[in-house]
Amino acid sequence: EEEVRVRSKTKVDPVEEADFERELRALVQESLDSRKLELRGRPALNMMIPMNVFEGLSSGSHHHGRGDESDDEGADEEGGGGVSVRVLVKKGNKQQTKQLSVPKGCALVQGTKQKEAAELEE
Amino acid sequence: DNFEFGKTGGDFATEHACRYCGVSNPACVVRCNVASCRKWFCNSRGNTSGSHIVNHLVRAKHKEVCLHKDSPLGETILECYNCGCRNVFLLGFISAKTESVVVLLCREPCLSVNALKDMNWDLSQWCPLIDDRCFLQWLVKIPSEQEQLRARQISAQQINKVEELWKTNPDASLEDLEKPGVDDEPQPVVLKYEDAYQYQNVFAPLVKLEADYDKMMKESQSKDNVTIRWDIGLNKKRIAYFVFPKEDNELRLVPGDELRLRYSGDAAHPAWQSVGHVIKLTAQEEVALELRASQGVPVDVNHGFSVDFVWKSTSFDRMQGAMKTFAVDETSVSGYIYHHLLGHEVEVQVVRNSLPRRFGAPGLPELNASQVFAVKSVLQKPVSLIQGPPGTGKTVTSAAIVYHMAKQGQGQVLVCAPSNVAVDQLAEKISATGLKVVRLCAKSREAVSSPVEHLTLHYQVRHLDTSEKSELHKLQQLKDEQGELSSGDEKKYKALKRATEREISQSADVICCTCVGAGDPRLANFRFRQVLIDESTQATEPECLIPLVLGVKQVVLVGDHCQLGPVIMCKKAARAGLAQSLFERLVLLGVKPFRLQVQYRMHPSLSEFPSNSFYEGTLQNGVTINERQSSGIDFPWPVPNRPMFFYVQMGQEEISASGTSYLNRTEAANVEKIVSTFLKCGVTPNQIGVITPYEGQRAYIVNYMSRNGALRQQLYKEIEVASVDSFQGREKDYIILSCVRSNEHQGIGFLNDPRRLNVALTRARYGIVILGNPKVLSKQPLWNSLLTHYKEHECLVEGPLNNLKQSMVQFQKPKKIYS
Ligand SMILES: [Zn+2]
Ligand SMILES: [Zn+2]
Ligand SMILES: [Zn+2]
C-alpha cells in the first residue's frame, strides 16, 4: 500500500492557516445561511435511481467515464483498494452514470459494503 | 526556511495547467466555473494549508467548478443532483442504500428534505466534496510526488498576492508579482521631510494606493435584482428607494455618493439607466437616490434593477493637487508653516495681533478656564493644536477662536473638518456669534438636507432678494419648471449664478466646508490666512493640506488623537502610515496640544475610567452627579448613583450571513430586554443608542428588536443602532454596548483598538450598559482594567435583569496581543 505523501519543505504558517480556516468557515457559513430559507418545502424530484443503472454496465446504453480504463486507480488511495461506484449525473435532463473508484475505507461506501456482505451471508 | 522557491517549473503552456503551480494532469485539475475567472487549479496542497483549488475558491470567494474533459467523470460541472446548486462548499456525495450508486447532493436544503429520507438513499453518510481543505482525492486526484516536485513551489503569501492582483487584472501571472511596483511596500511616512517634494514623493503613492483600492472596492459593489420603491421629491425629481447591503469595513454609502441605476428592459420597457445622488439613508437602511434625469424612468416597474457605484476621483485629485501646490507654489503657505509642517527646527514665532479683552464670544456659552487658555494661546501662535476629549466643548472653543480671528481683520477665515456633520455643527455655532457664515457644499450634496441650510451657498444664491438678481431668479424658475434651459439661457444662467456665488462668498466673514471641499473650484481664487480644522485627527495629512495651501499663515488643528483616526481602506497604505493624521505627527514632533479639561457630558461615574485610562486622569467633571441623575427612571442599576454595569454574557459568537461579520444572539436578546426596560420606565427612544462594532450584530439587533420587542414596534425603530465609528462626535443619554466577540481562541477584533474603546465608553450622558464575555475580553490589557474597574465598583453583574447579582467570573491574565 502506497500513500500519497504531501511534502512539507516549509511548514505551513500557523497565522496563515488560522486566517485561511476563518475565511473558509465564513464561506461555508455564508453558503449555508443563504440557502436556509430556500426550497425546503419543495419535494425531491428525479431522485429515483433510473432503472438502467440496475441493469448494470453491460447495457452499454450510457456513457462511461474513463474510470474503467485504469484498473489500479484506487490502489494509491488511503485505505487501500477501491470500490467501483457509479456516479449519477444529469446532463441537461438526461441521466448518465459514470464509473469511479472510491477507496474502501470511505464511509460513503462502507454502509453499502456491509449490507452487501450481510446479504451474501443470508 | 532555507528552501529556495523555484521560480520556474510547472507546465504553464497548457491551458488547463494549475495557475499556481503548473501541474497539468487532467485528473488532478478542475476549472473555476465563475464566468469572469475560468482558471484551472490542481488539488495539491504544496506548502499551504489547503489544496490549490480550495485556496483559490476561498481567497477569490468563488464557489463553482468544472472537471476536465479527460478526467474520470469527463467535463462535468459539479452540482446538486436534486436542485442543481453548484456551490461546492455545500456539496457532498450520498450513496444509494443498496446499490453502488452515488450522487452529489447539497447540504442545504436538499440533505434535510424529508421526502428524500424515504427514498432509496442513505443520507446519514453524506460525505462532503471538500474535506480537510482538499477536494475528495478519489474525485480529483492529488498530483504524484513526481509531478509536485516538477511544479512551481508557491507560498501562501504569493497566493494571497496573486489573488489580490487578479481582482484588478484577471490575466496577471505570478511573474507579474515580481515586476517592480506591484508588490513593493510603499515608502513609509516619516516625521521630518527634507522639502515638500520629498513629502509629495512619500504621500502621493499612498494616496494613489488608497484611491485605486477605493475604486476597486466601490466598482465591485454592483448589485442585481434590486427592488425599487419610487417617489417624487419636492423639486419634482424622481427618487428611488432601495436596500443596498453593506459589510463591515467595506462600502458605506454616504449622502452625496453617486450610484447608477439600470434596468435591462422587458417586453413593455426599453433598457434604461440613470445616474443619481444618494440624498439620505433611512433608519431602515434604505438608500434614497435622487435621479439626475426624470425622462423615461420605468416607474411602473419595481423589480429586477441593478445598481452600480459611480466612483469619483475628486477627493483624491484634490489631495494630490494640494501636495503639488505645497511643493511648487511658494505662496501656498507661509515660510514658517512650510518648515513647521515638514518638521524643520524653527524659532518660536509670536503672532502680533491685539488680543481681545474677553475670550468668549456673543451667542456662545461662557468659556471655562482651560477653554479661555486655549483660545488665548492659539490666537498668538501661527501653528497650534487643541485636544478636545469627549464632551469638553471643542465646538464652542473652536467657534470662539474663529470669532476672534475674524475680528482681527486678516481677511476671511476658512473653517474645515473632514466630515459634513462636523462642518454643519461648527457653522451653526459660528453663525450664532453673529458672524456672516457661508457653508459651501459639494454640488452633489445640494439636495441633501442640512441643519444649516440657510447658511449654504446654494440656498443663499436662490434666496438673495435684490432686484438686480431678478434675472437669475427668472431663469432659475424657468429651469425648475422645464428641467432644462435653451443653450443660450443656460449660458446666461451659469454666468449669473457664478457671479452671485462669488459675491456672496466674498462678503462672508467665514467660509465653512469639508477639507476636500476647500479644493472646490469655486474657491480657486480665494486666499485664507487663517484656517481652523476641526476633527483634524480624523483626516489624513494630504486631506488636511487641501485647506492649508490657500495661503495659510495661522493654523489651528482641533481634534483628539485618543479617539478614532482616519479610515484607510487599503491595508498597504495604512501600514505605510497614511492613517496617521497631521495632528499626530505634530504631537510626535513635540508640539504640545492645549487640552480642554472639563467634560460636560458624562455622569462623573462614567468619565472616571476614560479619564484615567486615556487622559492621565486630567479630565474634570463640569457636571455633577445631581445634574446627571435620571430622576423618575426606575432602572435596575446594581449600585444606586452609579448608572453603569457590565452585564456578563456567555453566548456564542457566530459568523453573520454575509460571512464577513459577527453576531451574538444572546447579547442581542439581552439588548432588547435592556432597551424595553428603559422604555418602560419612561426613557424615550431618541435618548437611547445601541453601539456594536459589528455590522452583522447591528443588523441582527435591529431585526430582533422589531420582531421580538416587548413593546410597540415603532418604538424600537426609532432607536439608533450603529457602529462605534458612526457614534464618534456624538452623544446619547443612555448607551448600550454589545461587544459580540466570545471565543476562546481568536482575538477580539475591532475591540482591540484602545481608541475605539475610548469612543464607545464616552458617548453616554446618563448611563451605560456593556454586554460582553469577560473571559474573552480580559485577555486584552485595557479591557482587563475596565473589567477590574467595574468589578471593584460592584458593577460586574449577571443573571436576569430584574435580579442582577455580582458576577464571580474569573478573568484571564492579560496578554500582549500582536496587532
Ligand atoms: Zn475563480
Ligand atoms: Zn497547483
Ligand atoms: Zn440541492
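Worth a mention:
- Options B:A361, B:A369, B:A400; residue that is surrounded by fewer than 24 Cβ atoms within 10 Å (Cβ to Cβ) and of a type in the set (G, A, S): B:A369
- Of all the numbered requirements in (1) away from ligand 1 (no atom under 16 Å from the Cβ); (2) modelled with pLDDT of 90 or more; (3) among the charged types (D, E, K, R), B:K63 misses one, and that requirement is (1).
- Out of B:M569, B:M602, one residue alone is within 28 Å of the chain's Cα centre (by Cα), open to solvent by less than 40 Å² (accessible area, probe 1.4 Å) and not small (G, A, S). It is B:M602.
- Boolean, B:V103 is within 16 Å of ligand 1 (Cβ to nearest atom), within 25 Å of A:Q96 (Cβ to Cβ) and open to solvent by less than 30 Å² (accessible area, probe 1.4 Å): no
- Members of segment B:71-105 found to be more than 7 Å from chain A (Cβ to nearest Cβ) and in contact (Cβ under 8 Å) with a residue 40 or more places away in the chain, listed by number: B:S71, B:I77, B:L78, B:R86, B:V88
- Subset of segment B:712-734 [among the hydrophobic types (A, V, I, L, M, F, W, C) and either more than 23 Å from the chain's Cα centre (by Cα) or within 20 Å of B:D560 (Cβ to Cβ) (or both)]: B:L715, B:A722, B:V724, B:F727
- Count of segment B:485-502 residues, restricted to those that are open to solvent by 50 Å² or more (accessible area, probe 1.4 Å) and under 37 Å from the mean Cα position of the chain (by Cα), is 3.
- Selection from segment B:95-107 of residues that are of a type in the set (S, T, Y) and assigned to a strand (DSSP E or B): B:S95
- Test result for B:T692, open to solvent by less than 10 Å² (accessible area, probe 1.4 Å), free of Cβ contacts under 8 Å to residues at least 60 places away in the same chain, of a type in the set (V, I, T) and within 20 Å of B:P774 (Cβ to Cβ): yes
- Per the listing B:L116, B:L78, B:L105, the residue uniquely among the aliphatic types (A, V, I, L, M), within 16 Å of ligand 3 (Cβ to nearest atom), out of contact with any Lys or Arg (no Cβ under 9 Å at 6 or more places or on another chain) and at pLDDT 85 or above is B:L105.
- Condition check for A:L88: in a strand (DSSP E or B), modelled with pLDDT of 70 or more and buried (at least 16 other Cβ atoms within 10 Å of the Cβ): yes
- When B:R38, B:R45, B:R31 are checked against the criterion of being open to solvent by 30 Å² or more (accessible area, probe 1.4 Å), within 16 Å of ligand 1 (Cβ to nearest atom) and assigned to a loop (DSSP other than H, G, I, E, B), a single residue qualifies: B:R38.
- Here B:L679 does not qualify as within 14 Å of another protein chain (Cβ to nearest Cβ) and not β-branched (V, I, T).
- If the condition is being part of a loop (DSSP other than H, G, I, E, B) and at the interface with another protein chain (Cβ under 7 Å from one of its Cβ atoms), then segment B:108-138 contributes B:E108, B:P109, B:V113, B:M119, B:N120, B:R133, B:Q137, B:W138.
- Inspection of segment B:529-539 identifies no residue that is farther than 28 Å from B:Y336 by Cβ and open to solvent by less than 20 Å² (accessible area, probe 1.4 Å).
- Filtering segment B:48-66 to residues that are facing chain A (nearest Cβ under 10 Å), open to solvent by less than 10 Å² (accessible area, probe 1.4 Å) and either within 13 Å of ligand 2 (Cβ to nearest atom) or not in a loop (DSSP other than H, G, I, E, B) (or both) leaves B:T48, B:G50, B:S51, B:V54, B:N55, B:L57, B:V58.
- For segment B:33-45, the candidate set comprises residues that are more than 14 Å from every other protein chain (Cβ to nearest Cβ) and in contact (Cβ under 8 Å) with a residue 12 or more places away in the chain; within that set, the residue that is farthest from ligand 2 (Cβ to nearest atom) is B:S36.
- In segment B:67-96, residue nearest to A:R35 (Cα to Cα) [restricted to those that are within 16 Å of ligand 2 (Cβ to nearest atom) and of a type outside the set (G, A, S)]: B:L67
- The single condition from (1) open to solvent by 20 Å² or more (accessible area, probe 1.4 Å); (2) over 21 Å from B:W311 (Cα atoms); (3) modelled with pLDDT of 80 or more that B:V202 fails is (1).
- Filter pass, B:F93 being within 14 Å of ligand 3 (Cβ to nearest atom) and open to solvent by 10 Å² or more (accessible area, probe 1.4 Å): no
The values are calculated or read from the model by the stated rules, or taken from the named source; none is laboratory data. Quantities reported herein were computed from a predicted structural model and do not represent experimental measurements. Don't worry about glycine lacking a Cβ; one is built from the backbone with ideal geometry, like all the others, and counts go over all protein chains shown. Only protein heavy atoms, including side chains, enter the accessible area calculation; ligands, DNA and RNA are left aside. Shrake-Rupley method; radii C 1.70, N 1.55, O 1.52, S 1.80 Å.
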